[in-house]
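Report on the structure given below.
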Amino acid sequence: MFKTLATLINGQNARAEDRVRDAFAIELIDQKIRESEASLRAAKATLASLIQRQRSEEKQHAGLKNRINDLTKRAREALDNDREDLATEAARAIANMENELAVRSETLDRLDQKVVRLRTSIESGHRRIIDLKQGAIQARAVRREQNIQMQMTKTGVQNGSVEEAEELIARVLGRDDPFERSEILADINRDLEGGNLTDRMADAGFGSATRATADDVLARLKSSKK
């Protein structure tokens, strides 16, 4: 029972973590790029220190070799001039310097290997960061598209609202004209009350006119001038 509950809780936590990672994917990508760039800068600083130490060791190695060659030459001259005491002392000094030269040679070899490995790692890391930045640009473009789609869905563009709005417009445009309808109703009422019949008979010359005409108005205007 407890194992089942623990499994369910772990699964829920994993899903929640996935949701958070999805929601903040762009921010996480940018953070990882910053961390990678910081690591790359640290690696470059280490490489610079190694190269500086390598150059220092090379100078000391070369200087030591020159001292050995010079002292060896002087020891031979001392032997040629029967100064074995000086030649023996020079030989001891040469032996010490040769031992030191061997140690410095090993140090130089190790430094060379470290410099090569670190330089290769830095070049690889630099290329990977470039790829990460390109991927981040693509991820931002995809996220912008997703946000636009979500916004369109939220505002109803993809939820049938367009069709609903078009239907409402069609209903408004398809409604009867209320003014025309009132006129029709008035005509119907006049017919029922005999009003239309009276007007038609008056227009036909039977009885006095029930409506003013242009001739009536003109005649009235002429009479008012007299």
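The values are calculated or read from the model by the stated rules, or taken from the named source; none is laboratory data. Because the structure is predicted, anything quoted here is derived from the model rather than measured. We place every Cβ from the backbone using ideal geometry, glycine too, and count neighbours over all the protein chains shown. All accessible areas refer to the heavy atoms of the entire protein, side chains included, with ligands and DNA or RNA removed. Shrake-Rupley method; radii C 1.70, N 1.55, O 1.52, S 1.80 Å.
Among Asn147, Asn159, which is the only one that is open to solvent by 90 Å² or more (accessible area, probe 1.4 Å) and at pLDDT below 90? Don't jump to the end; show me each part of the working.
Working: Asn147 fails: open to solvent by 90 Å² or more (accessible area, probe 1.4 Å).
Exactly one residue qualifies, and that residue is Asn159.
Scan the range 86-142 for residues that are within 30 Å of Lys65 (Cα to Cα) and not charged (D, E, K, R) and report the count.
So in the range 86-142, the residues within 30 Å of Lys65 (Cα to Cα) come out as 86-119.
From the residues that got through so far, the ones that are not charged (D, E, K, R) too are 86-88, 90-91, 93-97, 99, 101-103, 105, 107-108, 111, 113, 115-116, 118.
Summing the residues that are within 30 Å of Lys65 (Cα to Cα) and not charged (D, E, K, R) in the range 86-142 gives 22.
Of the residues that sit in the range 37-83 and are of a type in the set (Asp, Glu) and more than 26 Å from Ala102 (Cβ to Cβ), which one is surrounded by the most Cβ atoms within 10 Å (Cβ to Cβ)?
So the first thing to find is which residues in the range 37-83 are of a type in the set (Asp, Glu), and the list is 37, 57-58, 70, 77, 80, 82.
With the extra rule that they be more than 26 Å from Ala102 (Cβ to Cβ), the set shrinks to 37, 80, 82.
Working: Glu37: 15, Asp80: 9, Asp82: 8.
Looking at the filtered set, the residue picked out is Glu37.
Quick check, is Ala136 within 55 Å of the chain's Cα centre (by Cα), closer than 30 Å to Glu27 by Cβ and either surrounded by fewer than 11 Cβ atoms within 10 Å (Cβ to Cβ) or not β-branched (Val, Ile, Thr) (or both)?
Details: within 55 Å of the chain's Cα centre (by Cα): yes; closer than 30 Å to Glu27 by Cβ: yes; either surrounded by fewer than 11 Cβ atoms within 10 Å (Cβ to Cβ) or not β-branched (Val, Ile, Thr) (or both): yes.
Taking the combined requirement at face value, the residue satisfies it.
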